[in-house]
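Input: a single structure, listed below in structure tokens.
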Amino acid sequence: MLARLALPETRTRIRAEIERDGLNNWGRIPSWECVQISVSPQLPQYAGETIAALATARGRDPLDVICDYLIEDNGATRVLITSIGEADIREILRSPSALVGSDGNCVATYGVVAQGMPHPRFYGTFPRVIGRYVHEQQLLPLEQAVRKMTGATAQALRLRDRGLLEEGLRADITIFDPADFKDRATYADPHQYPTGARTTVLVNGVVVVEDAQHTGATAGMVLRRAPDGTVG
């Protein structure tokens with residue numbers, strides 16, 4: 001891939017396809033100003049910069065800049081895309097068919113997972129739904145929001161013994177104050193945990209977060225899909 005990105009004919013083809021189809025990432029992207037460097041292992045100093053800003057600073061075409069950047073960063077660059085509208089988010093969230101997930105990986109304010117500028121959803125997806133759309137805007141009831149994050153998701157993923165508060169199931173439980181559970185992570189400052197000083201989390205029946213502080217327990221386990229398609 002990196003070798004092909006260096007070829008003029010590859011860049012010519014990419015330009016032609018963007019000219020024909022527009023700039024896309026599961027939906028139309030308005031411009032290179034909406035593409036921001038998130039995590040860049042070889043070039044960490046550019047985390048938070050947009051491709052448009054880098055192109056302007058270097059006086060070069062954005063496509064050449066991003067191709068050269070990917071080559072220099074050994075193809076490991078992660079980006080944030082700003083393209084979805086708030087009205088669309090509200091419409092999707094209200095749908096009974098829509099579930100809530102972060103699409104994020106492990107992050108923390110320390111260690112190797114604290115690098116770069118990850119999407120704020122890694123820290124704030126669930127408190128954003130509960131704090132903004134349930135508590136502030138009353139877009140949907142708390143019970144429906146929680147179901148979208150737990151039981152309904154477990155059902156969709158075919159998890160055999162998780163997702164509900166029920167005898168005999170795994171005790172994966174989050175205890176929180178709905179009035180004090182708001183996201184604080186932003187694009188400019190993403191490494192911020194949500195509010196909620198009393199938040200407590202149990203994983204497989206073991207307390208791993210107590211009063212918003214990690215206890216040091218590592219009670220998680222790898223879940224594997226069985227031949228019948230269920231997971232547990």
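The values are calculated or read from the model by the stated rules, or taken from the named source; none is laboratory data. Note that the structure is a prediction, hence the values are computed from the model and not measured. Because the Cβ atoms are built from the backbone with ideal geometry, glycine has one as well, and the counts that use them run over all protein chains shown. We work out accessible area using only protein heavy atoms, side chains counted, and drop any ligands, DNA or RNA first. Shrake-Rupley method; radii C 1.70, N 1.55, O 1.52, S 1.80 Å.
Contact map, the stretch 6-26: residues that are under 17 Å from LEU70 (Cα atoms) and of a type in the set (Val, Ile, Thr) paired with residues that are open to solvent by less than 70 Å² (accessible area, probe 1.4 Å) and part of a helix (DSSP H, G or I), Cβ distance under 9 Å, separation 6+ or inter-chain. Pairs shown: THR10/CYS67; ILE14/LEU5; ILE14/LEU63; ILE14/CYS67. If the condition is being open to solvent by 50 Å² or more (accessible area, probe 1.4 Å) and over 18 Å from PRO96 (Cβ atoms), then the stretch 138-163 contributes ARG158, ARG160. Would the stretch 173-183 turn up any residue that is within 16 Å of ARG147 (Cα to Cα), of a type in the set (S, T, N, Q) and modelled with pLDDT of 95 or more? Yes, the stretch 173-183 has at least one match. Among the residues making up the stretch 57-92, a single one is at pLDDT below 95, of a type outside the set (A, V, I, L, M, F, W, C) and touching a Ser or Thr at 6+ places or on another chain (Cβ under 8 Å): ARG78.
Beta carbons closer than 8 Å, at least 6 apart along the sequence or on distinct chains, pair a first residue in the stretch 55-75 that is on the phi > 0 side of the Ramachandran plot with a second that is polar (S, T, N, Q) and outside any helix (DSSP H, G or I) for ASN74/GLN42.
Entry remark, the stretch 164-208: residues being at positive phi and either open to solvent by 70 Å² or more (accessible area, probe 1.4 Å) or basic (Lys, Arg) (or both) number 1 in total.
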